[in-house]
1. Please give the helix 42-54 orientation as an angle from the longest Cα principal axis of the chain, in degrees from 0 to 90, rounded to the nearest 10.
2. Stretch residue 96-residue 30 to full length: gain in nm at 0.36 nm per residue minus the Cα-Cα span?
3. For residue 135 and residue 103, what is the calculated FRET efficiency with R₀ set at 41 Å and r taken between the beta-carbons, to the nearest 0.05?
4. Quick one: Cα convex hull volume of segment 69-137, Å³ per residue?
5. Relative to the Cα centre, what is the charge dipole magnitude of segment 2-143, using +1 at the beta carbon of each Lys and Arg, -1 at the beta carbon of each Asp and Glu, and rounding to the nearest 20 debye?
6. Quick one: helix 69-82 against the long Cα principal axis of the chain, what's the angle to the nearest 10°, folded into 0 to 90?
7. Using the charge dipole of segment 2-143 (Lys, Arg: +1 at Cβ; Asp, Glu: -1 at Cβ; taken about the Cα centre), state which of 16, 139, 68 has its Cα farthest towards the positive end.
8. If each residue of separation counts as 0.36 nm, what is the full-extension length gain between residue 110 and residue 144 once their alpha-carbon separation is subtracted?
Amino acid sequence: MEQTLRIKIALVTGASRGIGRAIARRLASTEVKVAVNYVARVNAAEEVVGAILAAGGTALAVQADVRSAEAVRAMVKRIERELGTVNILINNAGIARDGLLARMPEESWHDVLETNLTGTFHCTQAVLRGMIRRRWGRVVNISSVAGLAGNAGDGCGSDFDSA
């Protein structure tokens, strides 16, 4: 088991840009093998992988919509086949549907919940049993500061002027 723990394999969701991209590159710089998850931006994900490989790291671009439990399970199986067992999960995938709550279509509301919350559940569930079995693992959930106090127009804040 000790040898398994020395080989760290991370799955970073939403890693084709922004915070996820920075996390993936930083983890790779510490000799962690990184699975760079993306849903649609294949070129951006491949660019992240290319930068990691050019710096001497190990990375793999993996497409999956985290809203789908089946897609997440298939993604994790591919990572295990090509890199090894995931023992670090960074739940970073998230979307926003900015607009006033009073005018937000229900479909937009569901898109946000399914990506930001259900996606976190799917990814964590897909890797957790292995972490428990090995008695080691890390799960980090990334969220917006808007989760603490929403802003007008962000879909979760007040539609009223607070002044």
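1. For 42-54 against the chain, the angle is about 40 degrees.
2. 20.7 nm
3. Step by step, r from the Cβ atoms, then E = 0.25.
4. 89
5. My answer is approximately 600 debye.
6. Around 30 degrees separate the two axes.
7. So the residue we want is 139.
8. 10.5 nm
Readers should treat all values here as calculations from the given coordinates under stated rules, not as data from a laboratory. Remember, predicted model here, so these are calculated numbers, not experimental data. FYI the Cβ positions are ideal-geometry reconstructions off the backbone, even for glycines, and counts take in every protein chain you see.
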